[in-house]
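Chemist: Structure provided below as structure tokens; questions to follow.
The values are calculated or read from the model by the stated rules, or taken from the named source; none is laboratory data. None of these values were measured; they are calculated from a predicted model. Positions of Cβ are backbone-derived with ideal geometry, glycine not excepted, and every protein chain shown enters the neighbour counts. Please note that ligands, DNA and RNA were not included when accessible areas were found on the heavy atoms of the full protein model with its side chains. Shrake-Rupley method; radii C 1.70, N 1.55, O 1.52, S 1.80 Å.
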Amino acid sequence: MSGKFDVIIAGGGPTGSTAATILAGKGFKVALIDKAAFPRKKLCGGLLTYKATEVLNKIFGCDVDFLKEKGIINFESPEYSINYRDYNIRDAESSIPFRFVDRIDFDYFLLQKAANAGAHIFTGEEIKKCNYQEAEVKTASNKIFKGKYLLGADGVHSTIRSFLPYDRKKWRDDMASTIEIIFDEKDYPRKVTKPELYIGHLRAGYIWVFPAKGKVVTGIGALKRCTKDFKKTYMDFLRSQGISDPESMHMQGYPLPYGNFMENPCFGRTILAGDAAGLVEPLFGEGIFYAIQTGRYAAESIARAITENTTPDKFYIERLEKYVFPELRYSNRLRWTLFYSQPLLKHMSFKMMFKSMPRILADMVHGVRSYKFLLKKKWD
């Protein structure tokens with residue numbers, strides 16, 4: 001037996017590190033377990049919106065200036081570009097800059113925060129078995145961890161989720177595929193100074209070109225069940241950008257939750273948060289903010305449940321329903337409105353949306369406004 005803890009957290013990404021920092025900071029005994037040794041590579045565009053920087057400051061006491069000083073934020077731009085295939089719909093400027101991080105540095109930074117808060121960190125330990133009813137896990141090295149509660153924060157390939165009685169068909173049906181290629185800045189055919197989105201190449205997805213410090217991050221993502229010739233579409237796009245032999249480039253792929261979020265991610269003494277519960281915005285695929293925020297909600301709900309000798313389900317789902325689910329639901333509706341209109345209206349459907357009110361739409365992405373009718377959004 002490796003010991004008993006108040007809370008076992010599976011996964012050392014932003015969700016798990018956030019939850020561990022909060023719970024350990026409140027005096028609970030926390031075990032955070034991850035199969036990887038940190039720092040570790042994580043595929044991701046690395047976008048930090050305004051709402052993400054705000055919640056980082058709230059939880060970790062790290063404002064934007066501090067994150068830039070430490071090199072965690074490595075690029076920012078208030079400008080962005082929306083394109084329909086090779087047709088430029090809008091080059092615009094947001095009232096708030098879009099900021100970018102390298103997930104290797106960002107995730108390790110947050111994990112260190114969890115360790116400094118007093119969480120017990122077990123990296124290089126792969127969870128192999130889970131008794132979700134008893135909040136108990138067993139690792140490949142035969143270590144057993146038992147808690148009062150178990151938080152599955154171990155991403156889209158969640159081992160914890162695989163032991164839970166969830167709707168597997170819905171999960172599969174609303175999963176996206178992605179491929180990413182990262183270029184050295186000098187090897188990309190042109191200068192990239194702002195985030196660029198390309199719509200119209202796919203029925204239910206998009207291509208991105210993001211700036212980074214000394215790098216250009218390119219990728220493609222689309223709903224699996226609506227996609228044909230996925231890799232070919234990406235290769236053709238890169239050729240149109242001036243990459244002569246994109247097939248020879250080092251590429252990596254990963255699945256992305258894309259509208260398959262769980263409306264009840266609670267299973268007795270085990271709950272899920274972040275990507276493990278599909279809590280990713282399903283229009284643009286923003287995940288970092290929702291990872292941090294739902295890790296926070298899960299941790300605070302578990303802390304309250306232990307203190308009050310009750311269960312965390314009610315507290316957790318109440319906050320998801322009030323703050324998170326409306327954004328995911330209305331973002332999903334907007335996505336399908338745009339994608340269904342695409343075959344008929346071509347670029348006009350996107351032009352009407354993005355050309356008429358670019359700053360307001362940027363505010364929506366940043367979380368200043370809601371995906372629900374573009375109303376002003378207040379986060380807790």
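Chemist: Which number in (1) free of Cβ contacts under 8 Å to residues at least 40 places away in the same chain; (2) closer than 30 Å to residue 213 by Cβ marks the one condition that residue 141 misses?
Modeler: Residue 141 satisfies all of (1) free of Cβ contacts under 8 Å to residues at least 40 places away in the same chain; (2) closer than 30 Å to residue 213 by Cβ except (2).
Chemist: Still on this model: For the stretch 77-109, enumerate the residues that are open to solvent by 60 Å² or more (accessible area, probe 1.4 Å) and not in a helix (DSSP H, G or I).
Modeler: 79, 85, 86, 87, 88, 90, 91, 93, 95, 102
Chemist: Moving to a separate point now. Taking the stretch 36-59 as the region of interest, how many residues are part of a loop (DSSP other than H, G, I, E, B), among the basic types (Lys, Arg) and more than 16 Å from the chain's Cα centre (by Cα)?
Modeler: The total comes to 1.
Chemist: Looking at the stretch 32-76, which of its residues are modelled with pLDDT under 95, within 24 Å of residue 257 (Cα to Cα) and in contact with a Pro (Cβ under 9 Å, 6 or more places away or on another chain)?
Modeler: Matches in the stretch 32-76: 45, 47.
Chemist: While we're on this one: Looking at this structure, is residue 292 under 16 Å from residue 16 (Cα atoms), touching a Phe, Trp or Tyr at 6+ places or on another chain (Cβ under 7 Å) and at pLDDT 95 or above?
Modeler: Spelling it out, it is not the case that residue 292 is under 16 Å from residue 16 (Cα atoms), touching a Phe, Trp or Tyr at 6+ places or on another chain (Cβ under 7 Å) and at pLDDT 95 or above.
Chemist: Being open to solvent by less than 10 Å² (accessible area, probe 1.4 Å), among the small types (Gly, Ala, Ser) and out of contact with any strand residue (DSSP E or B) (no Cβ under 6 Å at 6 or more places or on another chain) narrows it down to one of 305, 298, so name that one.
Modeler: On inspection, the qualifying residue turns out to be 305.
This table checks each residue for (1) within 24 Å of residue 35 (Cα to Cα); (2) aliphatic (A, V, I, L, M).
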site: 134; (1), (2): yes, no
site: 180; (1), (2): yes, no
site: 207; (1), (2): no, yes
site: 212; (1), (2): no, yes
site: 215; (1), (2): no, no
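Chemist: Right, another one. Just need a number here: residues in the stretch 16-38 that are of a type outside the set (Gly, Ala, Ser) and open to solvent by 10 Å² or more (accessible area, probe 1.4 Å).
Modeler: 8
Chemist: Then there's this: Can you work out which of the residues in the stretch 180-197 that are open to solvent by less than 20 Å² (accessible area, probe 1.4 Å) and in a strand (DSSP E or B) is farthest from residue 335 (Cα to Cα)?
Modeler: In this case the residue turns out to be 183.
Chemist: Go through the stretch 355-380 and count every residue that is of a type in the set (S, T, N, Q) and either at pLDDT 90 or above or in a loop (DSSP other than H, G, I, E, B) (or both).
Modeler: Residues meeting the conditions: 1.
Chemist: What tally of residues in the stretch 138-174 results from selecting those that are closer than 24 Å to residue 297 by Cβ and in a strand (DSSP E or B)?
Modeler: 8
Chemist: Out of 330, 340, which single residue is closer than 25 Å to residue 226 by Cα, aromatic (Phe, Trp, Tyr), modelled with pLDDT under 95 and surrounded by 17 or more Cβ atoms within 10 Å (Cβ to Cβ)?
Modeler: Being closer than 25 Å to residue 226 by Cα, aromatic (Phe, Trp, Tyr), modelled with pLDDT under 95 and surrounded by 17 or more Cβ atoms within 10 Å (Cβ to Cβ) holds for just one of 330, 340, which is 330.
Chemist: Take the residues in the stretch 200-213 that are open to solvent by less than 10 Å² (accessible area, probe 1.4 Å) and touching a residue at least 60 places away in the same chain (Cβ under 8 Å), then tell me which one is farthest from residue 185 (Cα to Cα).
Modeler: Residue satisfying both the conditions and the ranking: 204.
Chemist: Suppose the filter is under 19 Å from residue 298 (Cα atoms), among the hydroxyl-bearing types (Ser, Thr, Tyr) and under 23 Å from the mean Cα position of the chain (by Cα); does residue 123 pass it?
Modeler: No; evaluated as a whole, the condition is false for this residue.
Chemist: Can you work out which of the residues in the stretch 308-326 that are of a type in the set (Asp, Glu) and surrounded by fewer than 16 Cβ atoms within 10 Å (Cβ to Cβ) is nearest to residue 148 (Cα to Cα)?
Modeler: The qualifying residue nearest to residue 148 (Cα to Cα) is 308.
Chemist: Suppose we filter 121, 33 for residues that are out of contact with any Lys or Arg (no Cβ under 9 Å at 6 or more places or on another chain), in contact (Cβ under 8 Å) with a residue 24 or more places away in the chain and in a strand (DSSP E or B); which single one remains?
Modeler: 121
Chemist: Filtering the stretch 124-137 down to residues that are in a strand (DSSP E or B) and not aliphatic (A, V, I, L, M), which residue is most open to solvent (accessible area, probe 1.4 Å)?
Modeler: Ranking the qualifying residues of the stretch 124-137, first place goes to 129.
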